[in-house]
Amino acid sequence: KRSSDYEGLKILVTAGPTREPIDPVRYISNHSSGKMGYAVAKAALDRGAAVKLVTGPVNITPPTGAETICVTSAVDMYNEVMKSYESFDILVMVAAVADYRCVTVSEKKIKKSGENLTLELVKNPDIAAELGKVKGHRIMIGFSAETDNLLDNAASKLASKNMDMVVANDVTLEGAGFGVDTNIVKLIKRDGSRIDLPVMSKEDVAHRILDEVLSIRNG
Ligand code: PMT
């Protein structure tokens with residue numbers, strides 16, 4: 001029934017973690033495997049969309065048919081998304097983007113010396129928040145990875161980043177979040193309505209998200 005309901009639509013998806021370099025051999029990152037974002041890209045392709053996938057470093061294969069752009073840091077991902085979002089109808093921000101990066105990246109490997117080492121960090125650009133300011137008629141979906149206050153935190157991200165829907169993801173639940181093949185999420189829309197989904201494969205979660213995107217689009 002869903003076979004080609006995305007024909008003619010263009011979707012931009014971010015996926016995976018970012019890596020923020022410390023020195024030539026070290027970085028700050030997180031546990032994102034890319035599975036959730038790649039599932040969204042694959043589901044959209046299967047339904048006939050044109051898909052651009054902007055991905056941080058992961059160990060899985062991008063779905064055939066997506067225009068895949070590999071990036072490393074949050075600033076790289078931000079630049080790639082901002083230069084191309086205009087030609088897309090739907091923006092789905094699944095990437096686990098590092099909120100901070102090192103103020104200075106050491107040119108040489110940092111040597112082990114004193115008992116303590118302090119890294120100074122500075123805020124990264126927030127891709128979803130910046131898109132929220134300029135998205136116009138485009139539909140923007142974000143995720144909210146939380147360990148506490150799931151609904152409150154997700155609702156504030158929905159509002160502050162001007163998303164059309166937020167996918168609230170309690171990453172402490174077994175069978176949910178980083179690395180695994182399943183997820184447990186709640187979809188919250190701007191009108192406050194909420195859909196609580198049971199544990200599902202990331203592919204099925206992706207399709208449910210795409211179902212709701214179309215219902216938002218069709219008013
Ligand atoms: O990759 P997997 O192993 O399959 O794991 C899936 C997942 C847990 C990574 C995914 O389901 C998920 O929850 N992704 C969002 C992770 C996250 O960083 O959430 P956040 O609450 O920190 O960010 C909120 C939203 O703003 C997200 O849509 C994020 O992509 C976006 N953001 C955040 C910071 C930033 N600098 N730029 C952004 O665009």
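The values are calculated or read from the model by the stated rules, or taken from the named source; none is laboratory data. Worth saying up front: this structure is predicted, and the values here are computed from it rather than measured. Backbone-built Cβ (ideal geometry, glycine too); neighbour counts: all protein chains shown.
Computed values, structure above
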{"item": "Among residues of the stretch 38-83, those that are assigned to a helix (DSSP H, G or I) and either closer than 23 Å to residue 215 by Cα or touching a residue at least 24 places away in the same chain (Cβ under 8 Å) (or both), counted", "result": "17"}
{"item": "Some residue of the stretch 133-145 being in contact (Cβ under 8 Å) with a residue 40 or more places away in the chain and either on the phi > 0 side of the Ramachandran plot or among the aromatic types (Phe, Trp, Tyr) (or both)", "result": "yes"}
{"item": "Which numbered condition residue 74 fails, given (1) under 16 Å from the mean Cα position of the chain (by Cα); (2) surrounded by fewer than 21 Cβ atoms within 10 Å (Cβ to Cβ); (3) under 21 Å from residue 162 (Cβ atoms)", "result": "(2)"}
{"item": "Test: residue in the stretch 177-200 that is in a loop (DSSP other than H, G, I, E, B), among the small types (Gly, Ala, Ser), within 13 Å of the ligand (Cβ to nearest atom) and surrounded by 19 or more Cβ atoms within 10 Å (Cβ to Cβ)", "result": "yes"}
{"item": "Qualifying position, being at pLDDT 95 or above, more than 12 Å from the ligand (Cβ to nearest atom) and closer than 26 Å to residue 171 by Cβ, among 57, 24, 17, 63", "result": "63"}
{"item": "Pairs where the first residue, in the stretch 164-183, is within 22 Å of residue 140 (Cα to Cα) and the second is aromatic (Phe, Trp, Tyr) and in a loop (DSSP other than H, G, I, E, B), C-beta under 8 Å, 6+ apart", "result": "171/178"}
{"item": "Top-ranked residue in the stretch 84-123 [being of a type in the set (S, T, N, Q) and without any contact (Cβ under 8 Å) to a residue 12 or more places away in the chain; ranked as farthest from the ligand (Cβ to nearest atom)]", "result": "113"}
{"item": "Output for the stretch 33-54, where each listed residue is farther than 17 Å from residue 201 by Cβ and within 11 Å of the ligand (Cβ to nearest atom)", "result": "54"}
{"item": "Residue list for the stretch 157-171, restricted to those being on the phi < 0 side of the Ramachandran plot and touching a helix residue (DSSP H, G or I) at 6+ places or on another chain (Cβ under 9 Å)", "result": "157, 160, 161, 163, 164, 165, 166, 167, 168, 169, 170"}
{"item": "Leading residue by the ranking (farthest from the ligand (Cβ to nearest atom)) among those in the stretch 147-170 that are assigned to a loop (DSSP other than H, G, I, E, B) and surrounded by 20 or more Cβ atoms within 10 Å (Cβ to Cβ)", "result": "164"}
